[in-house]
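Here's the structure we're looking at; comments come further down.
The values are calculated or read from the model by the stated rules, or taken from the named source; none is laboratory data. The shown structure was predicted, so the numbers you read here are calculated from the model rather than taken from an experiment. Cβ placement follows ideal geometry from the backbone for every residue including glycine, while neighbour counts extend to all protein chains displayed. Just so you know, the surface numbers come from the protein's heavy atoms only, side chains and all, with ligands and any DNA or RNA stripped out. Shrake-Rupley method; radii C 1.70, N 1.55, O 1.52, S 1.80 Å.
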Amino acid sequence: MLYLDSIILHNFKSFRHANIKFGKGFNCIVGPNGSGKSNICDSLLFALGESSLRRMRLTSFPQLINSHAKPKKEDNVKRAYVKLSFRGEEPLEIARIIKSNNKVGYRLNDRHATRQDVIDVLRAKRCEINETNAITQGEIGTLLSLNAKERRGLIDVAAGIKDFDDKKSASLKELEKVEGSISEAGIMLSERQGFLNELAKEKEDAEHHIALTNSIKETSYTILKSREKGIMSEYESSLALIKEREKKRNDIDGKIKEADIEIESLSNKREAAAKSLNERSIEVGSTNKLLESANRDSAVKESQLSSAKNSIAELEKAIAELKSSRAKMVEERTANESGLKSANEELAEKSKKLKLIDVYDDAGVGSLLSRYGETPEEA
Ligand code: ATP
Ligand code: MG
């Protein structure tokens, strides 16, 4: 038979941490008022799934947590737990935890569990708690003042009859529901019968349709068979044609391959040409730069040339002027020369006359003639 071996309390009501051991058989807890006897009983109720705050002398669940308990750092939540260890045919551990954020959890043999899991296990071992096998502080007076009907209810609970009554009323309700569903199903069945008749008619039509379709198919098959022969011969000639085409295609493929090789070599050449073109373009660029500077030089030279031409023109003009003045001078000189010649001739004439005068002077006539400007011959 299952029996309670120990209760571990952590932050539960007045207990910070306690491990209370029990013996097999009858156990009695004694202590002064306020020492925590009833708190131990409350812990037992709590761990076994009690949900009544009144029976644990509370107004809210967080009151179960020791007032000096400290919250955990990770979630800032205080917590209390009670762990019951049972022994018997096989050991059993039930634990229940309560947090200050009102969350509650159960563990059964150190695994997460629900309240229903715990109740099911206890019921299977005939250890579930109720108001008849767990009498809390102050409930004895209430029990004594029960009327006959309430007392009967309590006896039913204690004898387990209430459970059966509850199950019976639940089953009757279920039965009522099922009967309702059956009558609904009957109505639906009669409706469906009508549909079924219609469906039978549709089925007949469908079968006739299928027979007709089959005969059409057979006819089509015959037609197709005869066409097949023609198609087969067409197919064979097409096959021969295809083979021929394939041969041609192979030839073309060979040519394409050759062309590909040629294209590849051409593209290699093109790449080389592009490379050299690129180099040439670089050269052309530098040549262009040279050409630009040469153009600039030539523009300078041209402007110099035009100014030189202007100076030449001026020079030519000056030369022409000089030439014309030279021509004038030549003319003048010629004129002078002819004047000079005539002067010389005159001079020669005069000299001749002078000689004659000299001759006449010797004779004494000359000086006279010369005073009149006449030569001796004229005279
Ligand atoms: P009595 O003989 O009078 O029935 P008792 O031994 O049953 O007394 P309990 O009722 O179990 O005593 O314990 C009451 C004590 O528990 C009170 O002193 C109360 O302050 C303390 N207590 C109850 N809840 C908490 C809590 N959350 N934190 C700290 N102490 C608490
Ligand atoms: Mg008490």
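Here are a few things to note about the model shown:
- Taken about its Cα centre, segment 3-145 carries a charge dipole of roughly 540 debye when the Cβ of each Lys and Arg holds +1 and the Cβ of each Asp and Glu holds -1.
- Residue with peak Gaussian network fluctuation, the chain [Cα springs, cutoff 10 Å], from Asn295, Asn33, Asn336: Asn336
- For segment 106-135, applying the loop criterion from DSSP together with a ceiling of 13 other beta carbons within 10 Å to the trypsin sites (Lys or Arg not before Pro) yields Arg126.
- The chain - percent of accessible surface contributed by carbon and sulfur, probe 1.4 Å: 57 percent
- Extension gain, Glu90-Ala124: 0.36 nm per intervening residue step, less the Cα-Cα distance, totals 10.9 nm.
- Taking Asp251, Asp120, Asp297 as the candidate residues, the one with maximal mean-square fluctuation in a Gaussian network model of the chain, Cα springs under 10 Å, is Asp297.
- Computed over protein heavy atoms with a 1.4 Å probe, the accessible surface of segment 1-52 works out to 54 Å² per residue.
- Under the Karplus curve 6.51 cos²θ - 1.76 cosθ + 1.60, θ = phi - 60°, whole-Hz ³J(HN,Hα) for segment 298-315, x wherever Gly or Pro sits: 5, 4, 4, 5, 4, 5, 4, 4, 5, 5, 5, 4, 4, 5, 4, 4, 4, 4
- Packing-based order for 49-61, 306-318, using average beta carbon neighbours within 10 Å, highest first: 49-61, 306-318
- Residues of type aspartates and glutamates that Lys203 reaches as a straight line, Cα spacing below 20 Å, ignoring anything fewer than 8 places off in the same chain: Glu191
- In terms of distances greater than 28 angstrom between alpha carbons, the cross-link table entries Lys24/Lys99; Lys13/Lys103; Lys37/Lys78 yield Lys24/Lys99.
- Under 24 Å of direct C-alpha separation, and excluding same-chain neighbours fewer than eight residues apart, Lys289 reaches these lysines: Lys275, Lys301.
- Placing +1 on the Cβ of every Lys and Arg and -1 on the Cβ of every Asp and Glu, with no other charges, gives the chain a dipole of roughly 4360 debye about its Cα centre.
- Selection from Ala211, Gly186, Tyr221 lying farthest towards where the dipole of segment 165-221 points positive, charges on Cβ: Tyr221
- 222 nm mean residue ellipticity, helices alone, for the chain (DSSP H n ≥ 4; -39,500 (n - 2.57); rounded to 500): -24500 deg cm²/dmol
- Overall dimensions of segment 175-355 by Cα: Rg and Dmax, Å: 62.7, 197
- When only the Cβ of Lys, Arg, Asp and Glu is charged (+1, +1, -1, -1), the dipole of segment 211-262 relative to its Cα centre reaches about 300 debye.
- Solvent exposure, largest accessible area first (probe 1.4 Å, DNA, RNA and ligands not counted), of Glu150, Glu271: Glu271, Glu150
- Cross-link partners of Lys217 among lysines (Cα-Cα below 19 Å; sequence separation of 8 or more within a chain): Lys225, Lys229
- Karplus-based coupling profile of segment 160-170, in residue order and whole Hz: x, 5, 4, 4, 5, 4, 4, 4, 4, 5, 5, with θ = phi - 60° in 6.51 cos²θ - 1.76 cosθ + 1.60 and x standing for Gly or Pro.
- Note, ³J(HN,Hα) from phi for segment 209-219, Karplus 6.51, -1.76, 1.60, rounded to Hz, x at Gly and Pro: 4, 5, 4, 4, 4, 5, 5, 4, 4, 4, 4
- Counted charge near Asn268, where neighbours are those whose Cβ lies closer than 11 Å (Asp, Glu -1; Lys, Arg +1): 0
- A dipole drawn for the chain from +1 and -1 charges on Cβ atoms has a positive end, and of Ser38, His17, Leu266 the residue lying farthest that way is Ser38.
- The residues of segment 175-355 present an accessible area of 91 Å² per residue when probed at 1.4 Å with all protein chains retained.
- Listed residue (His112, Gly88, Leu58) projecting farthest to the positive dipole end of segment 53-118, Cβ model: Leu58
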